[in-house]
């Protein structure tokens with residue numbers, strides 16, 4: 001009987017030690033896995049932000065259509081201004097701006113402190129060219145085939161993309177966008193209790209339970225909630 005009790009005590013001790021070990025290691029292992037997944041998701045959200053900003057600069061609004069955004073990346077063009085020469089402090093104090101300088105007439109040169117009109121116009125240029133969205137922002141080899149796919153979801157989940165026009169108190173219309181993915185989606189397969197804890201914490205703090213960039217409820221300068 002004593003031997004049986006000893007054996008049971010040993011088994012219980014080992015089991016208790018293992019449970020203590022897991023209680024310490026589970027959160028550590030979860031955090032390591034979460035941080036790795038966070039990094040992959042954030043990298044994609046940053047790319048979505050870059051594309052949306054370029055889209056808005058070209059069209060005046062953001063899009064909530066991911067297919068349209070991907071098409072814009074692959075086929076769209078954006079203006080790129082090549083600059084030659086700069087205005088001096090004295091010229092700007094005299095009221096000369098780049099817009100005025102580009103169309104400056106010889107008879108107006110003196111009032112802006114320009115002694116040699118021909119030399120100034122030769123050395124001050126602003127030429128606008130149109131370049132590919134993909135090559136200028138992401139590089140020619142950028143692959144958009146999984147642009148909308150959330151990492152570590154076996155190609156089963158896509159980012160949620162929203163856009164709106166926000167009306168300020170002074171009746172100014174501000175275009176906004178938001179791209180997001182919940183913890184439940186991109187952390188699926190990790191320790192379920194730890195995910196529940198994250199969701200509860202976000203709920204308590206009244207924050208989005210996941211990762212997102214931008215905000216359609218109010219302007220936030222297109223910031224990510226990890227920044």
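Quick notes on this structure:
- Condition met for residue 179 (within 19 Å of the chain's Cα centre (by Cα), surrounded by 12 or more Cβ atoms within 10 Å (Cβ to Cβ), under 16 Å from residue 40 (Cβ atoms) and modelled with pLDDT of 95 or more): yes
- Members of region 41-82 that are at pLDDT below 95 and touching a strand residue (DSSP E or B) at 6+ places or on another chain (Cβ under 6 Å): 58, 77, 79, 80, 81, 82
- Scanning region 203-219 for residues being modelled with pLDDT under 95 and surrounded by 12 or more Cβ atoms within 10 Å (Cβ to Cβ) gives a total of 1.
- Residue 133 surrounded by 15 or more Cβ atoms within 10 Å (Cβ to Cβ), closer than 26 Å to residue 212 by Cα, touching a residue at least 12 places away in the same chain (Cβ under 8 Å) and not assigned by TED's automatic domain parsing to the domain that holds residue 188: yes
- Residue match in region 162-174 (condition: crowded, with 18+ Cβ neighbours inside 10 Å, assigned to a strand (DSSP E or B) and touching a helix residue (DSSP H, G or I) at 6+ places or on another chain (Cβ under 9 Å)): yes
- Helices (runs of 4 or more DSSP H) enclosed by region 66-141 - at least 1 residues per element that are closer than 19 Å to residue 47 by Cβ and in contact with a helix residue (DSSP H, G or I) (Cβ under 9 Å, 6 or more places away or on another chain): 66-75
The values are calculated or read from the model by the stated rules, or taken from the named source; none is laboratory data. Owing to the predicted nature of the structure, the values given are computational and were not obtained by experimental measurement. So basically every Cβ, Gly included, is an ideal-geometry build from the backbone, and we count neighbours across all protein chains shown.
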